[in-house]
1. So the check is Cβ under 6 Å with 6+ separation or different chains; which pairs have a first residue in segment 17-42 that's without any contact (Cβ under 8 Å) to a residue 40 or more places away in the chain and a second one that's surrounded by 17 or more Cβ atoms within 10 Å (Cβ to Cβ) and of a type in the set (V, I, T)?
2. Given I104, I113, which one is touching an Asp or Glu at 6+ places or on another chain (Cβ under 7 Å) and either surrounded by 12 or more Cβ atoms within 10 Å (Cβ to Cβ) or among the hydrophobic types (A, V, I, L, M, F, W, C) (or both)?
3. For W89, all conditions in the list (1) of a type outside the set (D, E, K, R); (2) part of a helix (DSSP H, G or I); (3) surrounded by 13 or more Cβ atoms within 10 Å (Cβ to Cβ) hold save one; what is the number of the exception?
4. Would you mind stating whether D94 is over 15 Å from D128 (Cβ atoms), of a type outside the set (K, R) and over 12 Å from the mean Cα position of the chain (by Cα)?
5. Being touching an Asp or Glu at 6+ places or on another chain (Cβ under 7 Å) and either part of a helix (DSSP H, G or I) or over 21 Å from M109 (Cβ atoms) (or both) is the requirement here; does V25 meet it?
6. Name the residues in segment 103-135 that are among the charged types (D, E, K, R) and touching a helix residue (DSSP H, G or I) at 6+ places or on another chain (Cβ under 8 Å), would you?
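Laboratory data are not the source of any read-out in this text; all were calculated from the coordinates shown. Values in this document were obtained by computation on a predicted structure and should not be read as measured data. FYI the Cβ positions are ideal-geometry reconstructions off the backbone, even for glycines, and counts take in every protein chain you see.
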Amino acid sequence: MLNGWKRSGLKMINNKQRVLLDTSVWIDAFRGKTPQILAVTRTLLNEDRVLTCGPVVFEINRGFRPQERKKILPLFDALARLSFEEAIWESAGDLDAALRLKGITIPPMDVLIAQVSLHYKVPLFTLDKHFHSIPGLKLFDENSTKLF
């Protein structure tokens, strides 16, 4: 549960779906690499549509230098964080095993992020192409600000 919301559908904001942002998007936006990614991220933040989860926070902690972390981590305290329920661990293991049987190898932390997105039925905004290999995963399209 997230602030009392059931996983069958998180509360929408102004009739717009909330979105789980992957670490790849945060890094791009924080470093200002791609103006469009920065603009879409700002819009989602301004509309209060951004979700996060433990694996993303872990990757942010791990990937940024200490001075960057001091600026960035307080932002994550203000975001809605999807809880990491016990069932997600098992499902993520099943997902990883199924992908590997098909010859698809995805970094374990990204399998966990994908499983959180699947579990809560929210789209994932990512720049990493390997997420496209995950069946049933809804991906956020930054070009149209819709799902594909």
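1. A29/I37; A29/T41
2. I113
3. Exception for W89: condition (3).
4. yes
5. The answer is no for V25.
6. D110, D128
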